[in-house]
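Structure record follows, encoded as structure tokens.
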Amino acid sequence: MDSLICRTVEFSRRHAATLATVVLVAALGTGVYVARGISIDSDTGKLVDPNLPWQRAAADLDLQFPQNKDLLVAVIDGKTPDQASDAAAEMARRLSQRPDLFRYVRQPDANPYFRRYGLLFLSTAEVQDFTDHIIAAQPFLGTLARDPSVRGVLGAIDLLAQGALRGEVGADRIDQPLGIVADAAEAALAGHRRPLSWQTLLSGGKAGGGELRHFVLARAVLNFGEVQAASRAIDAIRQAARDAGLEPKNGVTVRVTGPVALDNDQLSALTEGATVSTVLCLGLLCFWLAMGLRSARTMAAILLTLIVGLVGCAAFAVRVIGPFNPVSIAFAPLFIGIAIDFGIQFSVRYAAERLEAGPADAFMRTAAGVGPPLAVAAAAAAAGFLAFAPTAYLGVRDLGLIAGAGMIIALALNLTLLPALLTLLQAGPEPHAAGFAWGAAMDRFLVRRRRGVFAAAIVLAAVSAAALPRLKLDFNPVDLENPRTESVRTFFDLMADPNTSPYSIEFLAPPPEARAAAGRLGSLPEVSRVLSLGVFIPEDQPPKLEILQDAAALLGPTLSPAAVMPAPAPAEILAAAGHCAADMAQLGSRGDRAAGRLAAALDGIVRKGRDALPALADNLSAGIGRRLDDLREVLSAGPVSLEMLPSDFKRDWVAPDGRWRVEVFPRGDTRDNETLRHFARTIEAVVPGSVGSAIAVDEWTAMAPRAFATAGVLALVTISVLLMAVLREARRVAVVMAPLVLAGILTLGAAALLGFSINFANIITLPMMLGIGVAFDIYFVMRHRSGQPGLLGSPTARGVVFSALATGTAFGSLALSRSPGMAEMGKFLSLALFFILACTLLFLPALLGGDSRTEPGKPA
């Protein structure tokens, strides 16, 4: 191998112009190929092996219910039930008009079935209370039915005042509705939109959280060729909200979440700030190169070689791997961080050799001195990356394959293109390249104090090992999302309500088995509720229907008058407002504060004249026609059976093959991963093969450590075999590996003490750092093995230090990412790199210090 490396470097030197020209022209053409062929598949569902049992079960569910795949969830909150329901209906209408962006749109709670039969899902007592309230309001309803306008509303309110003035109605009974109307009238006078809730007024109850929140589900048309595949669809939802006035200032909030929105925001976080972090990274890289090399020509050669290597690595990915995924796109910082080490080691050694020899001899000495260590380092780093190839974590597998191939590309270029460029640029000797001035003294100190170094290492390792139980494991993908994004904030908001928790579990079963399983699951303490087709058939129908039929007999003529008055003229509205204000003023003089407020507001509107009427109509009468229609509909309800369920509704719960879909919701704090995993395992024990986000978190938690263990063992074995083949002594292999083992323990211990969590993003760093760490150690061990004197005072040490600084800069750029997952990877890589460098510079020289061939202090 030594002879081959020497001949390669010598050939590159002799034919520098031709070789550099050919490689650079090829790189230019390759760059064009990459620019035309590069793409990204942002479907995070493809990051895991689709052949895993839980992935196959999830795919089967998606196949049976395609309407639930690729969903965007518009969460619509209103200050009143009317605003929330009307806003959701308007949003659904607008999105349905964009088939280019949405395959279909639906409102789960707005099916006509619920509009007619919704009351039957209440208890008998609640149905009785509702009908008693609307029967008591019969005169009020009659006025509204005959005149469903702002004039009719004012007339109906005036009837309440007159009844109170005559003593027919207690003031306490009308205080709440008058207060609601007064709020709306005062807002209209101020020019603000604050429509009153007719649902609350007619039902006589206080709106619950479920009435103030509605959902619109939209299956988005995704373009996985873009980094943010759902951006156009999400932008369309937000634009529709703006166009319809569905904004907080109007009492409505529209937020977007769901699996697709979470993925989209995660990928957005990967690109946000990328330009700034890239510029900062490149600036720091150049700074460290300038400090370490002190030669603009050498810097230019290294950077040009690095760029060509990056293009070649990207070309390999485009040609062999295919589209990048959200994980493999991180190959660039990893490649830069490690490949630049090869260039620095070669260039520093060459600059040092030039102090004593001409270019030809200096290249031969450099090739002989650092060529073999570079080859071993490249092979070890590639082994660390390729160790993920057999795992089920396909996102990291692709990253490992790309970065592993990149190591071979980087080695080849640093033994060919870099020597050619150094020759053409006439890079000369550099006195600073000989090593650090303090290195010789440090070598002697570490050798003399080697027992103290070993004792300190043992103590630090013991402290780190003791801290390991504090190391947290968090394999919930949502915890790696940016918590400041709308989709994540909304997701966490939904988690707070067991009825809307996104962490549900689903399974398919024939109807008898589905009913039986739903019954068993519903009794479990971990379960808040279970939904299946049978749940949508109301219980105790006869007594409820009897109550509704009696109410319909009394209210039918009232709600369906023979004639409806035409729309009022402005003068008629002002007259009705003045008349109502006068009666309210009388009522207010008796101490009714709500009536007094309403009188003052209506007087102000009369004085303001026609200009105030649009806002008054919008706040008082908007939607009254729909509310009356809803009331007529619920009073016409009849018996319900499974056969009567609408076909479109049944399609959400019955698969084409007849199996029922059952959905189970958790109880407890699902932000706690242990609670979530316990829920998932409990359901799995009752119904094996269940799927859903809770199952996915549990499977991720089990799969990621297995992938890490597999990759770690494979990397350890492969690198050990490689080192044994090169060093041919088990003792020397142990010397190389010992600092890495110590660095690994210190890294995990420090992570525990710093509050880091091991997650599916940063767990990949340790096997990778195994390969990177071997590179640093092998440089010293092979130098020591060849009989070259000194370690920390040598050019090798200088190269290692500045390589680590450059590598840390590349890794640190990941830590600046807006994506918490990528940032966690960058922090963990930087932490691991720090301990690897520390163990290499402090622990390894002490290990090697007992060998008679070590000559600390002698100049290199």
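The values are calculated or read from the model by the stated rules, or taken from the named source; none is laboratory data. Quick caveat, the model's predicted, so the values are computed rather than measured. Neighbour counts are summed over all protein chains in view; Cβ atoms, including those assigned to glycine, are modelled from backbone coordinates with ideal geometry. Heads up: the accessible areas ignore ligands, DNA and RNA and are worked out on the full protein's heavy atoms, side chains in. Shrake-Rupley method; radii C 1.70, N 1.55, O 1.52, S 1.80 Å.
Of a type in the set (S, T, N, Q), in contact with a Lys or Arg (Cβ under 7 Å, 6 or more places away or on another chain) and either touching a residue at least 12 places away in the same chain (Cβ under 8 Å) or surrounded by 21 or more Cβ atoms within 10 Å (Cβ to Cβ) (or both): is that true of THR143 in this structure?
No: the conditions fail for THR143.
Only one of these is within 21 Å of PHE536 (Cβ to Cβ), aromatic (Phe, Trp, Tyr) and assigned to a helix (DSSP H, G or I): TYR117, TYR104. Name it.
The match here is TYR117.
Within the range 55-73, take every residue that is in a strand (DSSP E or B) and out of contact with any Phe, Trp or Tyr (no Cβ under 7 Å at 6 or more places or on another chain) and give me the one that is most open to solvent (accessible area, probe 1.4 Å).
Filtering the range 55-73 for residues that are in a strand (DSSP E or B) and out of contact with any Phe, Trp or Tyr (no Cβ under 7 Å at 6 or more places or on another chain), the one most open to solvent (accessible area, probe 1.4 Å) comes out as LEU71.
Okay, residues lined up against (1) aromatic (Phe, Trp, Tyr); (2) more than 38 Å from the chain's Cα centre (by Cα); (3) within 27 Å of MET737 (Cβ to Cβ):
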| residue | (1), (2), (3) |
| --- | --- |
| PHE385 | yes, no, yes |
| THR391 | no, no, yes |
| LEU413 | no, no, no |
| ALA461 | no, no, yes |
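If you go through the range 36-58 one residue at a time, do you hit one that is farther than 30 Å from ALA509 by Cα and hydrophobic (A, V, I, L, M, F, W, C)?
Yes; the residues of the range 36-58 include at least one that is farther than 30 Å from ALA509 by Cα and hydrophobic (A, V, I, L, M, F, W, C).
Taking the condition modelled with pLDDT of 90 or more and within 23 Å of the chain's Cα centre (by Cα), does ALA26 pass?
Considered against the rule, which asks whether it is modelled with pLDDT of 90 or more and within 23 Å of the chain's Cα centre (by Cα), ALA26 comes out as no.
Suppose the filter is open to solvent by 10 Å² or more (accessible area, probe 1.4 Å), modelled with pLDDT under 85 and either part of a helix (DSSP H, G or I) or among the hydrophobic types (A, V, I, L, M, F, W, C) (or both); does ALA360 pass it?
No; evaluated as a whole, the condition is false for this residue.
Could you grab me the full set of residues in the range 120-133 that are touching a Phe, Trp or Tyr at 6+ places or on another chain (Cβ under 9 Å) and either assigned to a helix (DSSP H, G or I) or basic (Lys, Arg) (or both)?
Passing the criteria: only PHE121.
On the basis of being surrounded by 18 or more Cβ atoms within 10 Å (Cβ to Cβ) and in a loop (DSSP other than H, G, I, E, B), does ALA637 make the cut?
Spelling it out, ALA637 is indeed surrounded by 18 or more Cβ atoms within 10 Å (Cβ to Cβ) and in a loop (DSSP other than H, G, I, E, B).
If the requirement is being without any contact (Cβ under 8 Å) to a residue 24 or more places away in the chain, open to solvent by less than 10 Å² (accessible area, probe 1.4 Å) and assigned to a helix (DSSP H, G or I), which of these qualifies: GLY404, GLY371, GLY384, GLY395?
Only one candidate passes the filter, namely GLY404.
Only one residue in VAL348, VAL320 is among the β-branched types (Val, Ile, Thr), in contact (Cβ under 8 Å) with a residue 40 or more places away in the chain and under 25 Å from TYR779 (Cβ atoms). Which one?
On inspection, the qualifying residue turns out to be VAL348.
In this structure, does ILE329 turn out to be modelled with pLDDT under 85 and open to solvent by 10 Å² or more (accessible area, probe 1.4 Å)?
The answer is yes for ILE329.
Of all the helices (runs of 4 or more DSSP H) wholly in the range 644-756, which have at least 3 residues that are open to solvent by less than 20 Å² (accessible area, probe 1.4 Å)?
Once the helices (runs of 4 or more DSSP H) in the range 644-756 are filtered for at least 3 residues that are open to solvent by less than 20 Å² (accessible area, probe 1.4 Å), what remains is 673-686, 693-727, 730-753.
Any chance you could count how many residues in the range 25-41 are assigned to a helix (DSSP H, G or I), open to solvent by 60 Å² or more (accessible area, probe 1.4 Å) and either in contact (Cβ under 8 Å) with a residue 60 or more places away in the chain or hydroxyl-bearing (Ser, Thr, Tyr) (or both)?
Total meeting the criteria: 1.
Output the residues belonging to the range 113-138 that are in contact (Cβ under 8 Å) with a residue 24 or more places away in the chain and over 50 Å from the mean Cα position of the chain (by Cα).
If the condition is that a residue be in contact (Cβ under 8 Å) with a residue 24 or more places away in the chain and over 50 Å from the mean Cα position of the chain (by Cα), then ILE135, ALA137, GLN138 are the ones that fit.
Which residue, of ALA314, ALA300, is among the aliphatic types (A, V, I, L, M), closer than 27 Å to LEU401 by Cα, touching a residue at least 12 places away in the same chain (Cβ under 8 Å) and out of contact with any Pro (no Cβ under 8 Å at 6 or more places or on another chain)?
Matching residue, one of ALA314, ALA300: ALA314.
Taking the condition part of a helix (DSSP H, G or I), closer than 20 Å to ILE5 by Cβ and modelled with pLDDT of 85 or more, does ALA412 pass?
Here the answer is yes, as ALA412 does meet what is asked.
Return the residues of the range 523-560 that are surrounded by 14 or more Cβ atoms within 10 Å (Cβ to Cβ) and in a loop (DSSP other than H, G, I, E, B); say none if nothing qualifies.
Within the range 523-560, LEU524, GLU526, SER532, ILE537, PRO538 meet the criteria.
For the range 622-633, which positions are open to solvent by 20 Å² or more (accessible area, probe 1.4 Å) and within 11 Å of VAL153 (Cβ to Cβ)?
Result: ALA622, single match.
Kindly list the number of the only condition in (1) surrounded by fewer than 15 Cβ atoms within 10 Å (Cβ to Cβ); (2) over 30 Å from ASP235 (Cβ atoms); (3) among the hydroxyl-bearing types (Ser, Thr, Tyr) that fails for TYR104.
Every condition holds for TYR104 apart from (2).
Filter the range 143-189 for residues that are assigned to a loop (DSSP other than H, G, I, E, B) and modelled with pLDDT under 90 and give the result.
Passing the criteria: ARG166, GLY167, GLU168, VAL169, GLY170.
Kindly indicate whether SER794 is of a type in the set (Gly, Ala, Ser), at pLDDT below 85 and touching a Gly at 6+ places or on another chain (Cβ under 6 Å).
It is true that SER794 is of a type in the set (Gly, Ala, Ser), at pLDDT below 85 and touching a Gly at 6+ places or on another chain (Cβ under 6 Å).
Pull out all pairs, ordered by first then second residue, where Cβ-Cβ is under 8 Å, the residues are six or more apart or on different chains, the first lies in the range 3-22 and is closer than 13 Å to THR423 by Cβ and part of a helix (DSSP H, G or I), and the second is open to solvent by less than 30 Å² (accessible area, probe 1.4 Å) and among the polar types (S, T, N, Q).
What qualifies is VAL9/THR366; LEU19/SER12.
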